[in-house]
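First comes the structure, then the notes that go with it.
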Amino acid sequence: MTNDRYQSPLSERYASKEMQYIFSPDKKFRTWRRLWIALAETEKQLGLNITEEQIEELKAHADDINYDVAKAREKEVRHDVMSHVYAYGQQCPKAKGIIHLGATSCYVGDNTDIILMAEALELVRKKLVNVIAEMAAFADEYKELPTLAFTHFQPAQPTTVGKRATLWLQEFEMDLADLEYVKGSLKLLGSKGTTGTQASFLELFDGDQETIDKIDPMIAEKMGFQACYPVSGQTYSRKVDTRVLNVLAGIAASAHKMSNDIRLLQHLKEVEEPFEKSQIGSSAMAYKRNPMRSERIASLSRYVMIDALNPAVTSATQWFERTLDDSANKRLSVPEGFLAIDGILDLCLNVVDGLVVYPKVIEKRLMSELPFMATENIMMDAVKAGGDRQELHERIRELSMEAGRNVKEKGLDNNLLELIAADPAFGLTLEELKQTMDPSKYVGRAAVQVDTYLSKVIRPLLDANKDVLGVKAEINV
C-alpha cells in the first residue's frame, strides 16, 4: 500500500472484501471475457463460421488476463474495450478474428454492469436478512420490557423495548421486499449494436429475422439471466441504475433512523451499542463511551442517500440513443453506493448483535413519568368511588401542573401521587395510588403486537432465507 496518494475510505475502512471484489477490475474483465465467449458460442450455434477450436481457445484464456498488454494498448488507442479485445486476441490467435463480432463496446460494458449489480444486490440481500434476524431476536427478548415512549422526543404513553425494535425491523423488511423486486426485474442489455437496432446482425445473418431473435435470449441464458431488455439504445436505460441505487438509499434511510434512535437511547443510558474492552471513547475525556458505530452508520447512510441522486440525474440527461456523460459518473456512484451500504450493513449487524439494555435505568425514567400517564386510570378509580368526573379532571390538571413545576423549576422528584393522595376530592390513599403504578398496565398490546409480527411476517421470511443466515460482521476500525 502506498501512502502518497488518495485512498478510498470505502475500501480501506468500511467495505468487505467480498463487495470490493465484485467491483474490482479483475471481476470486471473476467466478466467481459465470459460475455465474449457467450457471444461467440451463440453465433456459432446460430450458424456463423466459428469453430469449436476457437471457442475452446477463448475458454482456455478466460481468467489469465494479460493486463500488461491491455494497459499498453490503451495508452496507444485510448479505448478500454478495444484494448482488451486486442489483449485477448494476442492470447487467442486462432479466435482473434471473431472476438466481439457484431458487438459494440456496451455489449461488454453494460452487460457487465448489470451482472455486477445483480451479484452485489445478492450480497446486500444476504446481509440485510441477517440484520433482520438479529433484530427479530432482540425484539423477541425484550418484547415485554416496558419503557417510556416518546412523541416529539417528549414523554408519551409507554411501549416496550421490543416493540420499539419492531419499528426498526419493519423498515428493513420493507427494504428487503424492494430489493427482491428490483433484483428480480434486472435484465441484460444483450447485443443490440450501436443504436440498439441490431443492424450489424442483419448483415451477419443475411437478414434472417428469426435467427436474430434468438441471439439475446441465448446470451441471457448463458449468463444466468431470464431475459434481455426488449428495446434499448446503445445502452440499457439508465433508469435501471436509478432503481438499484434507490433500493440502497432506502436501506440507508432505515439504518439511519435506527442509529439515530440508538444514539438518543445511549444518551439516556437506557440502551448502548457494544463497546470493546480497549476501545477509547474520547481523546480528552477518558470516561466517555461515544456511540461511534451508530454515528458511522448515520454518516455513511447520508452518503448513500445523496449518492442516489447521481443515477437519477444521469438517467434524466441522457441524449437520444446514447451519450458518454454517464460513464465517469457510473464508475463512481454505483460501486461506491454498494461499498458504502455494505459497510453500513456490517455495522448494523455488529451493533444489533451486541446491543446492551439497562432495565434499571429504563424503569427509573419510566417511573418518574408514569404518574402523569396513570392519571386517567386514577380518575376512573376516583369516579367509581363516588367522585365527579369533570371536577376530578380539573383537579388532576391543576395538580399535574404543580408536579411539573416541582420537577422543572425546583429539580424535585415527581410528587403527583402525593398531591393526589392529599386531595380529599379523590378519596384515594397513597398506597392505593401506588398500586396503579405497574408499568405493564400501560403498554397496551405491545408484546402481543411483537409476537404477532414476528410469527406471521418475520419468521416465515427467515425460514425462506435460512440458507443465508449466520453471517457475522467484521469491523475494521
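The values are calculated or read from the model by the stated rules, or taken from the named source; none is laboratory data. For clarity, every value in this text was computed on a predicted model and none was experimentally measured. A quick note on method: Cβ atoms are made from the backbone with ideal geometry, for glycine too, and the neighbour counts reach across all protein chains shown.
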Of all residues making up the range 62-84, the number that are at pLDDT below 95 and of a type in the set (Gly, Ala, Ser): 0
Any idea which residue in the range 169-196 is surrounded by the fewest Cβ atoms within 10 Å (Cβ to Cβ), counting only those that are among the charged types (D, E, K, R) and touching an Asp or Glu at 6+ places or on another chain (Cβ under 9 Å)? Lys183
Of (1) in contact (Cβ under 8 Å) with a residue 60 or more places away in the chain; (2) surrounded by fewer than 19 Cβ atoms within 10 Å (Cβ to Cβ), Gln90 satisfies every one except (1)
Out of the range 257-285, which residues are over 21 Å from the mean Cα position of the chain (by Cα) and either in a helix (DSSP H, G or I) or at pLDDT 95 or above (or both)? Leu264, Leu265, Gln266, His267, Leu268, Lys269, Glu270, Val271, Glu272
Within the range 320-330, does at least one residue satisfy the condition of being among the hydroxyl-bearing types (Ser, Thr, Tyr), in a helix (DSSP H, G or I), more than 17 Å from Ala118 (Cα to Cα) and touching a Ser or Thr at 6+ places or on another chain (Cβ under 8 Å)? no
Out of (1) touching a strand residue (DSSP E or B) at 6+ places or on another chain (Cβ under 7 Å); (2) among the aliphatic types (A, V, I, L, M); (3) in contact (Cβ under 8 Å) with a residue 40 or more places away in the chain, what's the single condition that is false for Leu265? (3)
Could you list all residues from the range 378-417 that are crowded, with 16+ Cβ neighbours inside 10 Å and small (Gly, Ala, Ser)? Ala382, Gly387, Ser400, Ala403
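From the list Lys183, Lys163, which one is touching a helix residue (DSSP H, G or I) at 6+ places or on another chain (Cβ under 7 Å), modelled with pLDDT of 95 or more and closer than 30 Å to Val361 by Cβ?
Result: Lys163 is the single residue among Lys183, Lys163 that is touching a helix residue (DSSP H, G or I) at 6+ places or on another chain (Cβ under 7 Å), modelled with pLDDT of 95 or more and closer than 30 Å to Val361 by Cβ.
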What helices (runs of 4 or more DSSP H), lying completely within the range 1-107, carry at least 1 residues that are closer than 23 Å to Leu188 by Cβ and more than 34 Å from the chain's Cα centre (by Cα)? 25-45, 52-60, 80-91
Only one of Thr235, Thr242, Thr195 is more than 26 Å from Val124 (Cα to Cα), touching a residue at least 40 places away in the same chain (Cβ under 8 Å) and β-branched (Val, Ile, Thr), namely Thr195
Filter pass, Val131 being buried (at least 22 other Cβ atoms within 10 Å of the Cβ) and at pLDDT 95 or above: yes
Matching residues in the range 341-375 - criterion: being farther than 27 Å from Ser299 by Cβ and hydroxyl-bearing (Ser, Thr, Tyr): Ser368, Thr375
Could you list, in sequence order, all residues of the range 311-340 that are of a type in the set (S, T, N, Q) and touching a Lys or Arg at 6+ places or on another chain (Cβ under 8 Å)? Thr314, Ser315, Gln318
Complete set of residues in the range 141-168 that are crowded, with 17+ Cβ neighbours inside 10 Å and part of a helix (DSSP H, G or I): Val161, Gly162, Lys163, Arg164, Ala165, Thr166, Trp168
Inside the range 438-468, can you point out the residues that are closer than 24 Å to Ile362 by Cα, assigned to a helix (DSSP H, G or I) and without any contact (Cβ under 8 Å) to a residue 12 or more places away in the chain? Val448
Could you say whether any residue in the range 239-256 is in the same structural domain as Ala298 (by TED's automatic domain parsing), at pLDDT 95 or above, in contact with an Asp or Glu (Cβ under 7 Å, 6 or more places away or on another chain) and surrounded by fewer than 19 Cβ atoms within 10 Å (Cβ to Cβ)? no
